[in-house]
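Please read the structure below before turning to the comments.
The values are calculated or read from the model by the stated rules, or taken from the named source; none is laboratory data. Owing to the predicted nature of the structure, the values given are computational and were not obtained by experimental measurement. Note: ideal-geometry Cβ built from the backbone for every residue, glycine included; neighbour counts use all protein chains shown.
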Amino acid sequence: MHLPDGILSPPVWIAGDIIAAGVLTVCARRASKQLTDRRVPLMGVLGAFVFAAQMINFPVPGGTSGHLMGGVLLAVLLGPASSSVVLFCVFLVQALLFQDGGITVLGPNMINMGLVGAFGGWAVFRLIAGNSKSTRMYLGIFVACWASVVVGSLLAALQLWLSGSAPFGPIMVTMGGVHALIGIGEGLITVATVRFLVNARPELLESRL
């Protein structure tokens, strides 16, 4: 879902950059009020984990592959605001050092892969899980991951259509279909990661649930 430079029209990527910049400004201010001596290294460690995990692809039927996006994972552990800041740092490093996603389309990529998971995924998770730390919590995580991946892919497809890069019907079906499978992988990986953390460091979730 990483969009490269040149694939979106200027009006579309400029609008995406403006929206993402505005949301991230608010997130940064909110996250700065939540910083503690324990929280700063946690954000760094989780950011490094997501960065490394995004470099590992898993195969998807149809000849393509997917990788962890991490929006819901970080939101569950850090909250939407802090997770958005961490994800932006991850996407920025990927774009600058590894050419994984373009510079001009950093805003649209942040919206599709970061903000949708951090805020939309968080909302779905809390709606299903509430304050539960049992099966409902893991069900909420899985559904939130799947939904955030699919919605993010459809937003990317919509941006491509608005840019004149692809016809509406085929791109929506293709992106949605492939990422419906990728969302399953995202959900399973995130559930397994959170389950491990709950067993090893249950206090990490105390302030988020």
- Considering residues that are closer than 21 Å to F88 by Cα and of a type in the set (G, A, S), the number found within the range 112-133 is 6
- Note on the structure: Among residues of the range 1-47 being under 17 Å from the mean Cα position of the chain (by Cα), of a type in the set (A, V, I, L, M) and in a loop (DSSP other than H, G, I, E, B), the residue surrounded by the most Cβ atoms within 10 Å (Cβ to Cβ) is L3
- Look at the range 132-148 and say how many of its residues are of a type in the set (K, R) and in contact with a Phe, Trp or Tyr (Cβ under 8 Å, 6 or more places away or on another chain). 0
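Conditions tested, residue by residue: (1) within 25 Å of E203 (Cα to Cα); (2) surrounded by fewer than 17 Cβ atoms within 10 Å (Cβ to Cβ); (3) in contact (Cβ under 8 Å) with a residue 40 or more places away in the chain.
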| position | (1), (2), (3) |
| --- | --- |
| M69 | yes, no, yes |
| A95 | no, no, no |
| A129 | yes, no, yes |
| S153 | no, no, yes |
- All-but-one check, L181 against (1) buried (at least 20 other Cβ atoms within 10 Å of the Cβ); (2) touching a strand residue (DSSP E or B) at 6+ places or on another chain (Cβ under 8 Å); (3) of a type outside the set (K, R), failing number (1)
- Return yes or no: is F88 farther than 24 Å from W146 by Cβ and either in contact (Cβ under 8 Å) with a residue 12 or more places away in the chain or more than 13 Å from the chain's Cα centre (by Cα) (or both)? no
- Task: Would you check if G185 is in contact (Cβ under 8 Å) with a residue 60 or more places away in the chain and touching a Gly at 6+ places or on another chain (Cβ under 9 Å)?
- Result: yes
- Query: Which residues, counting only those in the range 99-124, are surrounded by 21 or more Cβ atoms within 10 Å (Cβ to Cβ) and not hydrophobic (A, V, I, L, M, F, W, C)?
  - Reply: G101, G107, P108, N109, N112, G114, G117, G121
- Query: Based on what the data block shows, is G169 farther than 17 Å from I189 by Cβ, modelled with pLDDT under 95 and outside any loop (DSSP other than H, G, I, E, B)?
  - Reply: yes
- Item | G107, sole failed condition from (1) of a type outside the set (S, T, N, Q); (2) at pLDDT below 95; (3) over 10 Å from the mean Cα position of the chain (by Cα) | (2)
